[in-house]
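Engineer: To start, I am sharing the structure in question, which I have written as structure tokens.
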Amino acid sequence: MSIFFQSFRKLTALELRLLLCFLLPPLGVFLLLLSGLHTICKHWKEKKRFVFSLSSYFFLCLFISTIGASISMKEISYLSVSGMILGYWGLYLRILDTEKNQLFQHFRLIMIFGGVYSCVIGWFSQWYTFPLAVGYLTGTVPLGLGHFDLNRLVGCTYNPNFTVYILLISISFLLAHLLASLRSKRFVHFVWVFPILFLLSYGVIQTGSRAGFASMILIYLLFIMRLNRYIFIISILFILSLSKWLLHLMPRNELVNLSMQVRKDIWKSSYKIWQDHSIFGVTPIGFGQKYLKDYHEVVPHAHNILIGMFAEYGTLGGLAFLLVICLNLVKCIHLFFSIRSHKCLLDSFLLSLPIIILTGVFDEPLFSPQIGFLTVILFACWDRYTKRMHYVIVYPFISRIKDWIYLDVTAPNNQK
């Protein structure tokens, strides 16, 4: 536990800005944006060659889409989204170019701290009402909740559906650490890991996010799969037998049918918005304006990451997003079944990356710049990690899967 706190003393300037994303979200996001824009400007002035990757191609497509949407819809305000995309891209390039390998180590610690902090400040704000200015600075003021229950845990992200994303990432990093402790038989770490896991898991329920609750169960199942395949099969059967009880445990379960109908209506309307602006989309800013104009409802985003990408960034951005997802899915599957994949860092990625899709099925957490910058850092670290891995994408997975079936993942490292 002492190592956990000592690591915070060695934070770089970038990591301190990341920490501010939780303590003072507007300041943290602004500083990360400046850092990204500074990197882009530096590359441009020095005529430095951009690091080519599929993620860079993705950011370029989003940037072109926002410029095209601003011109086609004659809305200069949409260019602010273009600036944000450049900030994301610049931060991504900075991590790939200049950051040290310890960044992801510290990133995991900061995210775990951010998850705990979100729970603590969220519960405290339910007991004590902050002045409005302080609430905006700390992210405890609920924004965009509409008619939803204001007793939900807001945390430090202005919205419980964004807070649950941070909590799930924190849980995934803790579970990866737990896997490493089990494999190396460092059982003393359980003393501090289990209480934090319980706190974060309870926080997920308190956010009232049904998608977050389901995602948490799936992440725990993925953790068990990485630990032992036999326990995983037993856990699946156990969960199936208790499915009705879990449904009652799900937060706001009485609103499931109503919520699904509302989501379907939003998805249909979002699809029509994409049809009307199929090439470049309407940008995240324009989506809320367009939805209000056409359907007379305040809906800030599509509540689905895939539909949202197509509606906000058009076919250009949507297809680029699909390409990024497909390639990274192939990489994850390849490394998941690799007999050399039992590493703490890899477990952290394999448990955290699915959260982007799992939470994006019924929501769109990347709509928030605060969540967006955190995800860019996660993806940049992932690309940097997989860049060092020597593997062929077109690989016969069948032999790897066969090896995995007969390999006991709980065996000592010297036997793998």
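Engineer: What FRET efficiency comes out for the pair Asn228/Ser181, r = Cβ-Cβ distance, R0 = 22 Å, nearest 0.05?
Structural biologist: Numbers: r = 15 Å, r/R0 = 0.67.
Efficiency, from the Cβ-Cβ distance: 0.90.
Engineer: Can you compute the modelled spin-label distance between Gln289 and Leu221, with each label point 7 Å from Cα toward Cβ, in nm?
Structural biologist: About 4.3 nm, to one decimal.
Engineer: Over 23 Å between Cα atoms: which of Lys10/Lys42; Lys74/Lys293; Lys74/Lys290 fall into that group?
Structural biologist: Details: Lys10/Lys42 26 Å; Lys74/Lys293 16 Å; Lys74/Lys290 13 Å.
Flagged as over cut-off: Lys10/Lys42.
Engineer: Additional query: Could you give the alpha-carbon Rg of the stretch 226-364 over 2.2 N^0.38 Å, rounded to two decimals?
Structural biologist: Values: Rg = 19.0 Å, N = 139, 2.2 N^0.38 = 14.3 Å.
Computed over Cα atoms of the stretch 226-364, the ratio equals 1.33.
Engineer: Helix check for the chain. Which DSSP H runs span at least 20 Å along their own axis by Cα, with a mean Kyte-Doolittle hydropathy no less than 1.6? Could you put the intermediate results ahead of the total?
Structural biologist: Details: long enough: 25-45 (30 Å, 0.77); 54-72 (27 Å, 1.64); 79-97 (27 Å, 1.04); 102-127 (38 Å, 0.81); 160-184 (36 Å, 1.42); 190-206 (24 Å, 1.94); 210-227 (26 Å, 1.68); 256-276 (30 Å, -0.77); 305-336 (32 Å, 1.81); 344-360 (25 Å, 1.99); 369-387 (26 Å, 0.51).
Flagged H segments are 54-72, 190-206, 210-227, 305-336, 344-360.
Engineer: On the first, second and third principal axes, largest extent first, how far apart are the outermost C-alpha atoms of the stretch 2-415 in Å?
Structural biologist: 63, 54, 44
Engineer: In which sequence would Asp347, Asp294 go, from the one with the fewest C-beta neighbours within 10 Å to the one with the most? Before the final figure, lay out each step's value.
Structural biologist: Details: Asp347 25, Asp294 12.
Going from sparsest to densest Cβ surroundings: Asp294, Asp347.
Engineer: Okay, next question. Starting from the Cα-Cα distance between Thr12 and Phe238, subtract it from 0.36 nm times their residue separation and give me the gain in nm to one decimal.
Structural biologist: Numbers: separation 226, 0.36 × 226 = 81.36 nm, distance 4.49 nm.
Here the answer is 76.9 nm.
Engineer: Say each of Ala133 and Val361 gets a label point 7 Å from the Cα, pointing the same way as Cα to Cβ; how far apart are those two points in nm?
Structural biologist: Rounded to a tenth, the inter-label distance reads 4.5 nm.
Engineer: While we're on this one: How long are the semi-axes of the equivalent ellipsoid of the stretch 194-238, taking √(5λ) for every eigenvalue λ of the Cα gyration tensor, in whole Å from largest down?
Structural biologist: On the way: eigenvalues 95, 31, 11 Å².
Each semi-axis is the square root of five times an eigenvalue, giving 22, 12, 7 Å.
Engineer: When a footprinting reagent is the concern and you count Cβ atoms within 10 Å, what order do Thr359, Thr283, Thr163 take, fewest first?
Structural biologist: Working: Thr359 25, Thr283 33, Thr163 30.
Lowest count first: Thr359, Thr163, Thr283.
Engineer: Okay, next question. In Å³ and rounded to a whole number, note down the convex hull volume per residue for the Cα atoms of the stretch 82-177. Kindly include the intermediate steps, with their values, before the conclusion.
Structural biologist: Values: hull volume 12.4 nm³, N = 96.
In the stretch 82-177, the Cα convex hull volume per residue is 129 Å³.
Engineer: Right, next: Only helical DSSP H runs with n ≥ 4 go in: add -39500 (n - 2.57) per run for the chain, normalise by residue count and round the 222 nm mean residue ellipticity to 500 deg cm²/dmol. Don't skip to the end; give the middle numbers.
Structural biologist: Numbers: 18 runs with 300 residues, N = 416.
After summing the helix terms and dividing by residue count, I get -24000 deg cm²/dmol.
Engineer: Exposure proxy check: Val191, Val164, Val299 ranked by fewest other beta carbons within 10 Å?
Structural biologist: Values: Val191 9, Val164 34, Val299 19.
Fewest-to-most Cβ neighbours within 10 Å comes out as Val191, Val299, Val164.
Engineer: Once the Cβ-Cβ distance between Asp276 and Tyr57 is put in as r, and R0 is 25 Å, what FRET efficiency do you end up with, to the nearest 0.05? Present the calculation step by step, with values, prior to reporting the outcome.
Structural biologist: Numbers: r = 26 Å, r/R0 = 1.04.
Result of the calculation: an efficiency of 0.45.
Engineer: Between Val191 and Ile76, with labels modelled 7 Å along Cα→Cβ, what's the label distance in nm to one decimal, could you check?
Structural biologist: 6.2 nm
Read the figures in this text as sums done on the coordinates, not as results from a lab. What you see is a predicted model, and the numbers here were worked out from it, not measured in a lab. All Cβ positions, glycine included, derive from the backbone under ideal geometry; neighbour counts span all protein chains shown.
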